[in-house]
Amino acid sequence: MKLKLDLHDIYNRGTDIDRALRDIIDEAVRTKAATVEIIPGKGSGQLKKRVLRYLDRKDVKSRYHRVEKDSKNFGRLFVHFRH
């Protein structure tokens, strides 16, 4: 199972971004999804940096296995889970 989160609609609302990230990770853990695809978009890279900072938090990092940056598409990240 693979989940997808597109952040284009909420790129400028910080609390909504954190909530969306928390919700998608909670859902991945609950449904035992193997991968979550997060699309911060290309832009200036600030949203991607914010997502990576969120994923690097100690309480969040313990919930997933690894983060993969898509080599073919700068505006996409994959979060892999081991259940």
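The values are calculated or read from the model by the stated rules, or taken from the named source; none is laboratory data. Keep in mind that what you see is a predicted model, and the values were worked out from it rather than measured. With ideal geometry, Cβ positions are generated from the backbone for all residues, glycine too; neighbour counts draw on all protein chains shown. To get the accessible areas, we keep the full protein, side chains included, count just its heavy atoms, and leave off ligands, DNA and RNA. Shrake-Rupley method; radii C 1.70, N 1.55, O 1.52, S 1.80 Å.
Each Lys and Arg adds +1 at its Cβ and each Asp and Glu adds -1 at its Cβ; summed about the Cα centre, the chain shows a dipole of about 320 debye. Using a probe radius of 1.4 angstrom, the carbon and sulfur fraction of the accessible surface of the chain is 47%. Can you find, among Pro40, Asn73, Leu7, the residue sitting farthest towards the positive end of the charge dipole of the chain, where Lys and Arg contribute +1 and Asp and Glu -1 at Cβ? Going by the charge dipole, the pick is Asn73. Taking Cα atoms only, the orientation of helix 46-55 departs from the longest principal axis of the chain by about 20 degrees. Heavy-atom accessible surface of the chain, averaged per residue, reaches 64 Å², computed with a 1.4 Å probe.
Relative to the 2.2 N^0.38 Å rule of thumb, the chain has a C-alpha radius of gyration ratio of 1.00. Our estimate of slack between Tyr11 and Ala34, defined as 0.36 nm per intervening residue step minus the Cα-Cα distance, is 5.8 nm.
Rounded to the nearest 10 degrees, the inclination of helix 14-31 to the longest alpha-carbon principal axis of the chain is 20 degrees.
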